[in-house]
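Have a look at the structure below, then the notes.
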Amino acid sequence: MPAEVNFFNVGQGDCTLIVFYGKDPTKGEAAVLVDFGTTNEISHKFNGPVALDTVRMYDHVPTEIVKKLAALKSPNTLDLLILTHPDQDHYNLMSHLLFTRGATEGEKTETFRFKVRNVLYAGKLDEYTNIRVRGPHMKKVLQDWDKHKTASGEQAIENVPRALTAEVVTPELLVPMPGGGAKAGLYLIAGMTASPDLGPPAAKKARSGTELPSEERANRHSIALMLLGEAAAGGKAQRVFLMADTGHEVESVLMSRTGPGWDIGLQKTGMSWLKAGHHGSAVSTTPEWLDFIKPDGIFISAGTSKNYKHPRLSHLKKIMESWKSNSPVIPAVQPNVADTELPGIGYFADIVGVLPRTPTPGKPLNNFLTEPGVRGVATSLVRYIDEADGRVDIESVGYDWHLTIDSRGPNTYLLTYS
């Protein structure tokens, strides 16, 4: 049965909503939210080619999530909330989503917009203390899990939030796909990874016996997920990898996983999709990992933050070269009725490269630049408007991507953007 994966554009951050459908294509049967945070708010591009300054992502994303949850068979219910790790750009807007807003900007309520059945998080609860807009931080929300109410007076979080405290060594089925067969569903495939540094030297190495820096530790401990679709004739089944901020160490560990419990398989049998780790940075999405899972489509959460510069052209070129070398099935993209031009690809130009692009005279490197779109590789952020365009304010323009697997049966899909 179909599962819709919504990759929301939050700039430098992450937010993914998965909705599972049964026989009724209009009523979802379960929903999972993976992260919601940012360090650079942005506008969305939709309903035309001009950015709407009044529509900010921190209003748009909650509206879209609430709308999809309201249409479930059990309306206004989130089956599972996952906080992949305590980097603020993955969770600092979560309370903004969970709690209803007051009539004015200065008001707030303690009422949840919807019910949350289960919560799974990695890392220490004490680390979830950043907020982007008004509202309690997630440490307090989860500590007081049994005190929150919905508008109808029900307990908002039904069960004790679950902390992932040990390394994931065998996959765990978190949410089965309705009617998808015994194996289809969303799996926890990595988390709290403690293995020593492995793989290519793309990231800093930790000295033996020393504690990793907090951000490196959080990234390595990130929760990674795989959505496995229904098997078609011949055993072909789609896979969607959600890699959070995992880097090459976790990718190497996953490539080594064999034996009992790993019969779900990580290697490609049908269409394969990848939400690239760590925003497409050089510490993740190695050629070895791409050769192993052979994705047909790659999604990258991009942002214009000059502190991070993800993704950089130098690494994006390597990603695209590896992607092309694996002879992917180039995905069909259903155009948006109001905006039929394929969204572009955005990156930081740390090199003068051929993606291809023509360097603009007088345009310095390390700016966020845009290439024409490519079917199969997508960045959430596609355009950066700066003062050179006659604007005194700095805005960014991007897209949400919507992937529905098994849309018309096993190993079929529908890919759209908005």
Seminar exercise, completed: The condition from (1) part of a loop (DSSP other than H, G, I, E, B); (2) at pLDDT below 95 that GLY234 misses is numbered (1)
Exercise. Do we find that ARG134 is of a type in the set (D, E, K, R), surrounded by fewer than 21 Cβ atoms within 10 Å (Cβ to Cβ) and outside any strand (DSSP E or B) in this structure?
Worked result: yes
Seminar exercise, completed: Of the listed residues (SER301, SER314), the one being touching a helix residue (DSSP H, G or I) at 6+ places or on another chain (Cβ under 8 Å) and not aliphatic (A, V, I, L, M) is SER301
Exercise. Which of the residues spanning the stretch 232-251 are touching a helix residue (DSSP H, G or I) at 6+ places or on another chain (Cβ under 8 Å) and within 15 Å of VAL329 (Cβ to Cβ)?
Worked result: ARG239
Seminar exercise, completed: Restricted to the stretch 75-121 and to residues being charged (D, E, K, R) and modelled with pLDDT under 90, the residue farthest from the chain's Cα centre (by Cα) is GLU107
Problem set entry | Candidates ALA151, ALA203, ALA166, filtered to the one that is modelled with pLDDT under 95 and open to solvent by 70 Å² or more (accessible area, probe 1.4 Å) | ALA151
Exercise. Of THR111, THR77, which residue is open to solvent by 30 Å² or more (accessible area, probe 1.4 Å), out of contact with any Cys (no Cβ under 6 Å at 6 or more places or on another chain) and either touching a residue at least 24 places away in the same chain (Cβ under 8 Å) or among the hydroxyl-bearing types (Ser, Thr, Tyr) (or both)?
Worked result: THR111
Exercise. Does at least one position in the stretch 324-332 carry a residue that is surrounded by 13 or more Cβ atoms within 10 Å (Cβ to Cβ) and either of a type in the set (Gly, Ala, Ser) or at pLDDT below 90 (or both)?
Worked result: no
Seminar exercise, completed: Looking across the stretch 295-316 at residues that are farther than 12 Å from LEU381 by Cβ and part of a strand (DSSP E or B), the single one that is most open to solvent (accessible area, probe 1.4 Å) is ARG312
Seminar exercise, completed: Only one of VAL240, VAL250 is open to solvent by less than 10 Å² (accessible area, probe 1.4 Å) and touching a Phe, Trp or Tyr at 6+ places or on another chain (Cβ under 6 Å), namely VAL240
Problem set entry | Leading residue by the ranking (most open to solvent (accessible area, probe 1.4 Å)) among those in the stretch 253-292 that are β-branched (Val, Ile, Thr) and part of a loop (DSSP other than H, G, I, E, B) | THR258
Exercise. Looking at the stretch 349-418, what strands (runs of 3 or more DSSP E) fall wholly within it and have at least 1 residues that are at pLDDT 85 or above?
Worked result: 377-379, 401-405, 413-417
Exercise. Can you tell me which residue in the stretch 13-40 is least open to solvent (accessible area, probe 1.4 Å), limited to those that are hydroxyl-bearing (Ser, Thr, Tyr) and outside any strand (DSSP E or B)?
Worked result: THR39
Seminar exercise, completed: For the stretch 148-164, pairs from a residue that is of a type in the set (D, E, K, R) to a residue that is at pLDDT 95 or above and part of a loop (DSSP other than H, G, I, E, B), with Cβ under 8 Å and 6 or more apart or across chains, are LYS149/ALA156
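The values are calculated or read from the model by the stated rules, or taken from the named source; none is laboratory data. Worth saying up front: this structure is predicted, and the values here are computed from it rather than measured. Positions of Cβ are generated from backbone atoms using ideal geometry, with glycine treated the same way; all protein chains shown enter the neighbour counts. Note: accessible area is taken over every heavy atom of the protein model, side chains too, but ligands, DNA and RNA are not part of it. Shrake-Rupley method; radii C 1.70, N 1.55, O 1.52, S 1.80 Å.
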